[in-house]
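The values are calculated or read from the model by the stated rules, or taken from the named source; none is laboratory data. Please read these numbers as outputs of a predicted model, since none were measured by experiment. Cβ placement follows ideal geometry from the backbone for every residue including glycine, while neighbour counts extend to all protein chains displayed. Just the protein is used for accessible areas: all its heavy atoms, side chains included, with ligands, DNA and RNA removed. Shrake-Rupley method; radii C 1.70, N 1.55, O 1.52, S 1.80 Å.
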Amino acid sequence: MSIFVLNWKMQKRYKDSILWIKEHNADLIELLNYLEKIIICPSFDSLASIKELVDLKIDIGAQDCSEFEFGAYTGQVSVLSLKDIGCKYCIVGHSESINSNNNIKDKILVLLKNSIIPIICISENRSDLLNSIINLLINYNLKSEIYIAYEPLYAIGSGLIPVISELSTIINDIKNNILKALPNLDLRILYGGSVHYKNIELFKDIKNLDGFLLGNSSLDFQLLKKTVLLFSR
Ligand code: PGA
């Protein structure tokens, strides 16, 4: 069974996010018959309200966080607040948010310190980042889960997906590289970038894939449901 992360980006205003959750709470539980986990990542403004409204079986994640716990950092959001809200996950290093490799490493550290599971996005040109994350995790006595989302830049929002056999090799390589260095790590590998009900069945051939990070396909519940059902049949 797979993990579906719903990255709503800034595609829903507050009012619409709340309505969506109120309308689809029961539907989401129904989808859990087919999935291991659903993690909803709304924008910061609606995180706390959604956490209160959504069924406890559905997990909540943030789309980013500050690398600092608190201080004079205008516009940033602290992991301490995410923790207070009850966020269990946080996306880090998405290509639509601006980050240096050092920022990403600092964000991962502050999340781990506060027991929030990072969903680390890696694009095709960030193999250096993957190596430095492996080193960081070796140095950090990690007891938490780690999610890696492989998201090629060209695939995000474009309707294009990688050749499945090539993607399968990349997913295997990422998993093997990390597990070689950290054999006991509870590692989950996701794919993100233009996943849609029209192409989701192609991904069934990738054995080591644990789930998906969905952008556009996560916004409309019927589209999401169709995507989940086609993958699960
Ligand atoms: P997309 O977005 O599914 O709309 O391509 C995925 C992502 O950016 O995480």
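Scanning the range 141-165 for residues that are under 27 Å from residue 59 (Cβ atoms) and open to solvent by 70 Å² or more (accessible area, probe 1.4 Å) yields a count of 3. Each residue in the range 183-203 was checked for being more than 19 Å from residue 158 (Cβ to Cβ) and either within 12 Å of the ligand (Cβ to nearest atom) or open to solvent by 30 Å² or more (accessible area, probe 1.4 Å) (or both), and 5 of them qualify.
Here residue 115 meets each of (1) in contact (Cβ under 8 Å) with a residue 24 or more places away in the chain; (2) open to solvent by 60 Å² or more (accessible area, probe 1.4 Å); (3) part of a helix (DSSP H, G or I); (4) not charged (D, E, K, R) with one exception, condition (3). For the range 100-107, the criterion of being at pLDDT below 95, open to solvent by 40 Å² or more (accessible area, probe 1.4 Å) and part of a loop (DSSP other than H, G, I, E, B) is met by at least one residue. Kindly indicate whether residue 19 is surrounded by 16 or more Cβ atoms within 10 Å (Cβ to Cβ), out of contact with any His (no Cβ under 6 Å at 6 or more places or on another chain) and modelled with pLDDT of 95 or more. Criteria not met by residue 19.
Right, residue 6: at negative phi and more than 16 Å from the ligand (Cβ to nearest atom) or not? It is false that residue 6 is at negative phi and more than 16 Å from the ligand (Cβ to nearest atom). Close contacts from the range 204-220, counting a first residue that is open to solvent by 40 Å² or more (accessible area, probe 1.4 Å) and a second that is near the ligand (Cβ under 8 Å from one of its atoms) and not charged (D, E, K, R), with Cβ to Cβ under 7 Å and a gap of 6+ residues or different chains, come to 216/157. Which one is farthest from the ligand (Cβ to nearest atom) among residues in the range 22-34 that are open to solvent by 40 Å² or more (accessible area, probe 1.4 Å) and outside any helix (DSSP H, G or I)? Looking at the filtered set, the residue picked out is 33.
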